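We did not get these values from a lab; they are worked out from the coordinates using the rules stated. Just so you know, these numbers come straight off a predicted model, no measurement behind them. FYI the Cβ positions are ideal-geometry reconstructions off the backbone, even for glycines, and counts take in every protein chain you see.
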Amino acid sequence: MKNRDADPDGLRLPIKLDSTSNGEFVPVPLDAAGRYANRLAREMTAAAAKRVGQSRRRFLVSSCGAAATLLAFNAAQAAAGRSGGYFDLPADAAFDGQLASASLDGNEFIFDVQGHYVDPTGAWLKHVPAGARPFAMMPKAADCPSEPERAYLECLGPDEFIKDVFLDSDTDLMVLSFVPSRSDAEPVTIESADAVRRIVDELEGSQRLLLHGRVNPNQDSDVEAMDELAERWGVSAWKTYTQWGPDGNGFWMDDEDTGIPFVEKARDLGVKVICIHKGLPFGPQSYEHSQCHDIGRIAKMYPDVTFMIYHSGYVVDQPERAFAPGAGKDGIDTLIQSLVDNDIGPGSNVYAELGSTWRFLMRDPDSAAHSLGKLLKYVGEDNVLWGTDSIWYGSPQDQIQAFRTFQIAPELQERYGYPAITPEIRAKVFGLSAVKPYGISAEELRLHTRGDAMAQRRENYRETPNPHFRTYGPKTRREFFNLLSLGDV
């Protein structure tokens, strides 16, 4: 039986600008320019659909629909005086499928180094207060049984994750990551993450999901548990949150009693990729340890270890401007300053990851231009990595399409020495730069990008695609604090 159309009236835009959070920061409402961008996009896509003789829904799921949306965003942001960056598309791409496809339908190898999955039937639900309905806002929940309590969660399992990531987006390979939590209250355990990995493997015959091992070195037994994560579960990297702790206190990566034993253990186990959550502070108490002051120091101490800085140290809703040595006190600038202070140049063992960062920067092309320009200049064009923090933001396809077309304005390139975002740089960011630290061979890369079973399934699905164009994360302060309470149990 054919699935019901996820948006039959074409009410949702294919590129999503909204207040959705990944659950690590309070949702930030769109400003006036963002609201106007959405309004203008709805008007422009409706007019374009009428011009080409298509229904709104059929038009919006096409490349022309995405192109028309991005062109509307350009116009709205330019009207607000934001000209530091823009989505580089021909004006006629809104009506010409070939032009739209040439800009939006790339063939890059896309390796998303930060994806998330929340086990909808896991043991963590035992700690959820009576009457709470976690993840009830997820798109398919409305179509599932409401009785008994939380029966709808049975509809939100691996199938939805696979559809969002591998069918509705161009993602080839993803690392399944973890959120900070006490060991007895993990929203996704290593066992359930591995189960999703095995489901994906069985579907297409090769590995498309890699796993992180969650380590909070300031939590009892976590460092000791790294042996099992490496040997039994075959994790490809470690994920840690320096601003988190079971008592509310964070740590630094070069602390002698927490960070350094963690790094030493990773070296001993031969899994020498450490993914460190920086930026997106959870609140005032965690703000200090969310900054990147320790990154240059630890990277200099351990040049044989790869340090991936998740979110690149970004602070949400803080306008980004050019880096000024000695002036950076927050966000991405603290990462750059830490590298400068420790004589670590571009192309080092430090990588900057874009999960949630790029998704939020899509709202402000000036901040996007400065953020990407700084990272490419100081961290290096070989060391900026693609991550989306999906499934919190639904399918990552809109982030992919927006990045495929984004360009830094020539004036900023000339003034600050930022590079133009060339197809070569995009290909590196999308996946080629992550191949080296994760030890993926060229042969394996080709395996993932050619006609395997998942690629065939995607091709078949796209004959009649049915994307929902929705997000899963909290969109209001109430939803945010309801979700936050689940992690505090």
### Message
Take the residue pairs Lys272/Lys436; Lys278/Lys377; Lys50/Lys163; Lys239/Lys265; Lys163/Lys428; Lys16/Lys239 and return only those whose Cα atoms are more than 22 Å apart.
### Response
Lys50/Lys163; Lys163/Lys428; Lys16/Lys239
### Task
Please list the non-local residues whose amide H lies under 5 Å from the amide H of Leu385, H modeled 1.01 Å from N, same-chain partners needing a gap of 5 or more.
Ala352, Glu353, Leu354
### Summary
For Ala79 and Arg39, extending 7 Å from Cα along the Cα-Cβ vector and measuring point to point gives, in nm, a value of 0.7 nm
### Query
Quick one: if the Förster radius is 22 Å, what FRET efficiency do Ala91 and Tyr416 give, using the C-beta to C-beta distance and rounding to 0.05?
0.20
### Query
Taking 0.36 nm per intervening residue step and subtracting the Cα-Cα distance, what contour gain separates Tyr461 from Tyr287 on full extension?
58.3 nm
### Message
Checking the a/c ratio against 1.5 first, then a/b against b/c, what shape does the Cα gyration tensor give for the range 377-488?
### Response
oblate
#### Entry: Phi-based couplings in Hz for the range 25-42 (Karplus 6.51, -1.76, 1.60; Gly and Pro marked x)
8, 5, x, 9, x, 5, 7, 4, 5, x, 5, 5, 4, 5, 4, 5, 5, 5
### Query
By the scheme Lys and Arg +1, Asp and Glu -1, what is the net charge of all other residues having a beta-carbon under 15 Å from that of Gln98?
-3
### Task
Give, in nm to one decimal, the length gained when the segment between Asp220 and Asp247 is fully stretched (0.36 nm per residue of separation minus the Cα-Cα distance).
8.6 nm
### Task
Please find the FRET efficiency linking Asp5 to Glu256, where r is the Cβ-Cβ separation and R0 is fixed at 41 Å, and quote it to the nearest 0.05.
0.10
### Query
Once phi is turned into ³J(HN,Hα) by the Karplus curve 6.51 cos²θ - 1.76 cosθ + 1.60 with θ = phi - 60°, what whole-Hz value does each residue of the range 399-415 show in order, with x for glycine and proline?
5, 5, 5, 5, 5, 4, 10, 6, 9, 7, 4, x, 4, 6, 4, 6, 6
## Note on the structure
Nearest-0.05 FRET efficiency for Gln98 and Ala327 at R0 = 51 Å, using Cβ-Cβ distance, is 0.65
### Query
If amide H atoms are built 1.01 Å from N in the plane of the peptide, which residues on other chains or at least 5 residues away come under 5 Å of the amide H of Ala237?
Gly213
### Task
Determine the dipole magnitude for the range 240-369: charges of +1 sit on the beta-carbon of Lys and Arg, -1 on that of Asp and Glu, nothing else is charged, the reference point is the Cα centre, and the result goes in debye to the nearest 20.
340 debye
### Query
Where a ≥ b ≥ c are the square roots of the eigenvalues of the C-alpha gyration tensor, would you call the range 261-323 rounded, which needs a/c under 1.5, or, failing that, prolate if a/b is larger than b/c, or oblate?
prolate
### Summary
Residues whose built amide H sits under 5 Å from the amide H of Val175, excluding neighbours closer than 5 in sequence, are Asp112, Val113, Gln114, Gly115, Leu210
### Task
Go through 166-175, 464-473, 248-257 and give me the packing order, highest mean Cβ count within 10 Å leading.
166-175, 464-473, 248-257
### Query
By per-residue mean of other Cβ atoms within 10 Å, what is the highest-first order of 330-343, 293-306?
330-343, 293-306
### Protection proxy ranking, peptides 307-319, 37-49, average beta carbon neighbours within 10 Å, highest first
307-319, 37-49
